[in-house]
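Notes to accompany the following structure.
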Amino acid sequence: MAEKFYINADGLLLSDDNTLVEFTDGCTDGGGIIPGAHEAGEVVPCPDCAGEHRITSALVIPTAHNITIDRAESEPENEPEP
């Protein structure tokens, strides 16, 4: 499956790389992050076991591809209080 890119209102080039899911059945963990964009009702492979589970809720997590970090600011040193 090819990755699909789109530009949001703020000019970020995004792709839907992962989905945070909750499952109706299956593992005691109840969900996790799975690759790709998915919707509630789909049956997907479980990230924690060898089985498949039906998704009850899904939140697609977009990844930004056109962000450049050109400067990092150091954290201030912790100085003792007077």
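If a residue has to be acidic (Asp, Glu) and at pLDDT 85 or above to count, how many in region 3-41 make the cut? Show your work before the answer.
So the first thing to find is which residues in region 3-41 are acidic (Asp, Glu), and the list is 3, 10, 16-17, 22, 25, 29, 39.
So of that shortlist, the ones also at pLDDT 85 or above come out as 10, 22, 39.
Matching residues across region 3-41 total 3.
Residues ALA58, ALA50: which one is surrounded by 12 or more Cβ atoms within 10 Å (Cβ to Cβ) and either free of Cβ contacts under 8 Å to residues at least 24 places away in the same chain or not β-branched (Val, Ile, Thr) (or both)? Give the derivation first.
On the way: ALA50 fails: surrounded by 12 or more Cβ atoms within 10 Å (Cβ to Cβ).
Going through ALA58, ALA50 in turn, just one is surrounded by 12 or more Cβ atoms within 10 Å (Cβ to Cβ) and either free of Cβ contacts under 8 Å to residues at least 24 places away in the same chain or not β-branched (Val, Ile, Thr) (or both): ALA58.
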When residues of region 4-47 are filtered for being without any contact (Cβ under 8 Å) to a residue 24 or more places away in the chain, open to solvent by 50 Å² or more (accessible area, probe 1.4 Å) and among the β-branched types (Val, Ile, Thr), how many remain? 3
Qualifying residues in region 61-82 (those that are within 30 Å of ASN8 (Cβ to Cβ) and among the hydroxyl-bearing types (Ser, Thr, Tyr)) - the one most open to solvent (accessible area, probe 1.4 Å): THR68
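The values are calculated or read from the model by the stated rules, or taken from the named source; none is laboratory data. Here the structure is a predicted model, which means the values were calculated and not measured. Reconstructed Cβ throughout: ideal geometry from the backbone, glycine too, with neighbour counts over all protein chains shown. Keep in mind that these areas ignore ligands, DNA and RNA; they rest on the heavy atoms of the full protein, side chains included. Shrake-Rupley method; radii C 1.70, N 1.55, O 1.52, S 1.80 Å.
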